Amino acid sequence: MFISTKCQYALRAVYEIARSNDGGVMTIGDIAKAQRIPQRYLEGILNQLRKGGLLEAQRGRSGGYRLAKDAGEITVGEVTRLIDGPIRAVVCVEEARTTNCPQQVNCVFLPTWRKVQKAIDQALDSTDFHHLVKLGDETRREGCSNYTI
C-alpha cells in the first residue's frame, strides 16, 4: 500500500491553502511555489479537489482557490480517498471481496488485517488540516522549517 505522489501533492496543496491567510484565495502559482509542486500537474489536482467539494475556485484577477469548508472539517483521509480511492492494507478487508478468497473460512490473518485497516482509517480520519496547520506553526516556532505530512 502506497499513497501516490499525486495524493501527496494534493495533501500539500490543501495544507498550503489551509495555512494561507484564514480562508483567503491562493493562486495556483503561489501554491506550486510554496510546496514545490509542478504547476501544470497541480492544475489537474486542484480541479479534482474542487470537483470533490473540498476546494472552491474564484475566477478573475484576484482568483485562485480556497477551502470549501473549514480546515478542521477536512481530514487527510477525505483527501486521500478522493485522490487515490480506498486505502487498503490488503484487498480482503473489503467485505465484498472476501468471498473471492479461497482461504476466507479458515483465514487466521483476516482479524489482523482488519485491525490494521481500522488503525489506518483512524489515523487518516482523525487528522484534519486545522491540526496540521497548528502543528506546522509550532514546528516553525521551534526553529525547524521542515514538516512532513
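The values are calculated or read from the model by the stated rules, or taken from the named source; none is laboratory data. Quick caveat: nothing in here was measured; it's all calculated off a predicted structure. Every residue, glycine as well, gets a Cβ built from its backbone with ideal geometry; the counts of neighbours run over all protein chains shown.
Structure above, values below:
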| quantity | calculated |
| --- | --- |
| Residue among 41, 15 that alone is of a type in the set (Ser, Thr, Tyr), in contact with a helix residue (DSSP H, G or I) (Cβ under 8 Å, 6 or more places away or on another chain) and more than 20 Å from residue 75 (Cβ to Cβ) | 41 |
| Conditions (1) more than 22 Å from residue 2 (Cα to Cα); (2) under 22 Å from the mean Cα position of the chain (by Cα); (3) not basic (Lys, Arg); number of the one not met by residue 107 | (2) |
| Boolean, residue 12 is surrounded by 15 or more Cβ atoms within 10 Å (Cβ to Cβ) and among the basic types (Lys, Arg) | yes |
| All positions within segment 37-88 that are free of Cβ contacts under 8 Å to residues at least 60 places away in the same chain, touching a strand residue (DSSP E or B) at 6+ places or on another chain (Cβ under 8 Å) and of a type in the set (Gly, Ala, Ser) | 57, 63, 64, 68, 72 |
| Residues that are part of a loop (DSSP other than H, G, I, E, B) and either modelled with pLDDT under 70 or loosely packed, with under 14 Cβ neighbours inside 10 Å (or both), drawn from segment 124-149 | 126, 142, 143, 144, 145, 146, 147, 148, 149 |
